[in-house]
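Novice: Sharing a structure with you now.
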Amino acid sequence: MNDAKINRRRFLKSTIASAVGTAGFPLVVPSSALGRAGNVPPSSRINMGSIGVGGMGTNNMRAFLTQPDVQVVAVCDVTTASNEYGHWYKKGWQGAWFGREPARKIVEDHYAQKSQSGRYKGCGAYVDFRELLARDDIDAVCITTPDHWHAIPVITAAATGRHIYCEKPMSLTIAEGQAMVKAVRRHGVIFQTGTQRRSDQQFRFICELIRNGRIGQLKKIITTIGLNNKEAPPKDWQPMPVPEWLDYDMWLGPAPWVPYHKDRCLYTFRFGLDYSGGQTTNLGAHAIDIAQWANDADGTGPVEVEDLGGEYPEDGLFTTATKVHFRAWYANGVELTCETQDGGPLHFEGTEGWIQIHKNQLTCYPESLKTSVIGPNEIHLYQSDDHHRNFVDCVRERRETAAPVEVGHRSVSVCHLGNIAMTLKRKLRWDPQEERFVNDEKANRMLARTMRGPWHL
Ligand SMILES: NC(=O)c1ccc[n+]([C@@H]2O[C@H](COP(=O)([O-])OP(=O)(O)OC[C@H]3O[C@@H](n4cnc5c(N)ncnc54)[C@H](O)[C@@H]3O)[C@@H](O)[C@H]2O)c1
């Protein structure tokens with residue numbers, strides 16, 4: 001290794017240590033120190049690492065593998081290999097294996113097929129994302145870990161100059177989201193939230209119709225989200241031995257230490273409040289994101305939020321809401337509701353019409369809206385038709401993605417506000433500029449959580 005390479009590696013290691021160790025928030029990384037990780041010359045490939053290669057992470061990785069100007073060089077997962085990703089069985093993927101070794105195999109088989117020799121061995125596989133980030137050849141990362149493991153890898157990746165595709169819901173708490181926004185902006189990296197409806201022509205069209213006043217003044221948005229799609233284990237569930245294929249301590253990471261049970265981890269983490277905001281954030285991050293877009297509220301949020309009868313289980317392993325129902329009001333008078341309704345619609349009501357999307361079918365009044373054309377002098381929203389490709393293009397061209405960090409943060413913030421209102425069971429006033437509840441210290445304490453050491457924001 002030459003001196004420059006050794007220096008760069010030392011630099012990355014110390015930056016990672018200060019990003020996640022005890023030394024506080026990392027210093028600004030000078031782009032000159034970043035070498036190729038900060039800027040990608042137009043002619044070269046973007047080297048990517050995939051952190052979290054379970055159900056969705058493997059999908060994301062496959063999507064990046066198909067980009068001709070991307071090379072997946074490393075994968076990382078605390079699971080070696082497992083076929084216990086229960087949810088996917090329902091989708092007919094019975095027996096499918098995920099984790100870092102299956103992911104490495106997918107990558108190496110993919111490049112082997114493209115090589116003349118038919119052989120390829122060149123994908124690193126790591127248990128600890130800090131080791132992946134300590135490599136000096138990685139330009140961008142795709143983070144598809146459970147929700148409690150988004151903020152720290154994002155902040156660490158940003159501090160080392162890596163561009164980031166991070167799954168929704170972007171954060172576990174509003175404080176995490178704020179720290180992620182700060183890190184991404186401070187280090188000038190490109191960021192895409194995995195809210196792929198921002199790259200869907202139909203959702204864009206609906207938002208453009210609304211933003212251009214085709215249903216008059218927007219008054220009401222009804223968002224619906226699905227039921228918990230996995231049955232909770234019995235209330236007298238017993239701890240299980242940690243399987244040898246899982247680094248459980250690292251899976252828990254910043255979450256409190258609790259005994260292992262298989263229904264805590266793979267896929268089903270989304271029903272445990274220590275790891276997720278439940279369907280409110282899991283599915284709400286998609287539906288409410290479109291509501292925010294249509295309402296021109298990307299840089300802001302509601303001013304009031306109240307519980308309308310949300311329900312949480314009394315005990316058991318699954319702790320997230322079993323019934324979601326809350327309402328939020330925006331300063332422009334728009335009312336948004338979010339409620340559990342399996343397969344329910346997303347509905348927008350204005351003073352002169354309405355638009356609804358239900359199971360990908362658009363219905364509206366007046367009917368003529370369907371063929372309405374957005375004129376050249378009207379509002380045209382960000383155009384992207386492929387969320388992964390959009391990220392790659394934006395890394396190359398150094399421009400804003402379809403779902404930048406503030407958008408991901410503001411959308412999931414509405415979901416977090418809903419969860420807080422449903423927990424406290426009262427109306428809360430929210431200041432979207434300060435991102436604080438007004439005169440409610442109990443609610444304000446719920447904006448952040450203590451992390452299990454040594455992890456911290
Ligand atoms: N955009 C979408 O439509 C969409 C769809 C599904 C899931 N997601 C999101 O993707 C994320 C993952 O969900 P999933 O269903 O794939 O869950 P999953 O349990 O199938 O996969 C998560 C993977 O992360 C691994 N992991 C946990 N901690 C880790 C760590 N510290 N370092 C590296 N790997 C770690 C797990 O071992 C597992 O393999 C969630 O945030 C979820 O909301 C998004």
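Please treat every number below as a calculation from the coordinates, not as lab data. Worth saying up front: this structure is predicted, and the values here are computed from it rather than measured. Every residue, glycine among them, receives a Cβ derived from its backbone with ideal geometry; neighbour counts consider all protein chains shown.
Novice: Which cross-chain or sequence-distant (5 or more) residues have an amide H under 5 Å from the amide H of residue 126, H modelled 1.01 Å from N in plane?
Specialist: For residue 126, whose amide H was placed from the backbone, the distant partners under 5 Å are 75, 76, 77.
Novice: Also, quick follow-up: Expressed as an acute angle from 0 to 90° and rounded to the nearest 10, what is the orientation of the C-alpha long axis of helix 100-114 relative to the principal long axis of the chain?
Specialist: Tilt relative to the chain: about 80 degrees.
Novice: Can you tell me what the convex hull of the Cα atoms of segment 379-457 projects to on average, as an area in nm²?
Specialist: Projected area, direction-averaged: 8.7 nm².
Novice: Report, to the nearest 10°, how far helix 284-294 tilts away from the longest principal axis of the Cα atoms in the chain, using its own Cα long axis and a range of 0 to 90°.
Specialist: Taking the Cα atoms of the chain, the angle to 284-294 is about 60 degrees.
Novice: With the alpha-carbon atoms as the only input, what is the per residue convex hull volume for segment 323-457 in Å³? It would help to have the intermediate numbers written out before the result.
Specialist: On the way: hull volume 28.4 nm³, N = 135.
Dividing the Cα hull volume of segment 323-457 by its residues yields 210 Å³.
Novice: With θ set to phi - 60° and the Karplus curve 6.51 cos²θ - 1.76 cosθ + 1.60, what are the ³J(HN,Hα) couplings of segment 366-377 in order, to the nearest whole Hz, using x for Gly and Pro?
Specialist: Whole-Hz 3J(HN,Hα) from phi for segment 366-377: x, 4, 5, 4, 4, 10, 4, 10, 7, x, x, 9.
Novice: Near residue 427, which aspartates and glutamates are there with a Cα under 17 Å away, not counting those fewer than 8 places off in the same chain?
Specialist: 304, 306, 307, 311, 335, 339, 435, 440, 441
Novice: Using the structure shown, list the pairs from 230/323; 323/359; 230/262 with a Cα-Cα distance above 19 Å, or answer none.
Specialist: Among 230/323; 323/359; 230/262, the Cα-Cα distance tops 19 Å for 323/359.
Novice: Would you work out the charge dipole size for the chain about its Cα centre, treating the Cβ of every Lys and Arg as +1 and the Cβ of every Asp and Glu as -1, and quote it to the nearest 20 debye? Provide the component values of the computation, followed by the final result.
Specialist: Values: 53 positive and 51 negative charges, 209 e Å.
Result for the chain is approximately 1000 debye, rounded to the nearest 20.
Novice: Let me ask another. In terms of the Cα gyration tensor, with a ≥ b ≥ c the square roots of its eigenvalues, is segment 152-287 rounded because a/c is under 1.5, prolate because a/b exceeds b/c, or oblate?
Specialist: Note, shape of segment 152-287 comes out oblate.
Novice: Sort 436-449, 54-67 by packing, meaning the average of other beta carbons within 10 Å per residue, with the highest value first.
Specialist: Ranking the peptides 436-449, 54-67 by packing returns 54-67, 436-449.
Novice: How do 416, 163, 347 line up, fewest other C-beta atoms within 10 Å first?
Specialist: The most exposed by this proxy come first: 347, 416, 163.
Novice: Mean projection of the alpha-carbon convex hull of the chain over all orientations, in nm²?
Specialist: On the way: hull surface 93.2 nm².
Computed as one quarter of the Cα hull surface, the answer is 23.3 nm².
Novice: Taking the chain as the reference, fit the longest principal axis to its C-alpha atoms, fit the long axis of helix 55-65 to the helix C-alpha atoms, and give the angle between the two in degrees, 0 to 90, nearest 10.
Specialist: Relative to the chain, helix 55-65 is tipped by roughly 70 degrees.
Novice: Using helices alone, I'd like the mean residue ellipticity at 222 nm for the chain: each DSSP H run of four-plus residues gives -39500 (n - 2.57), total over residue count, nearest 500.
Specialist: -9500 deg cm²/dmol, from helical runs alone.
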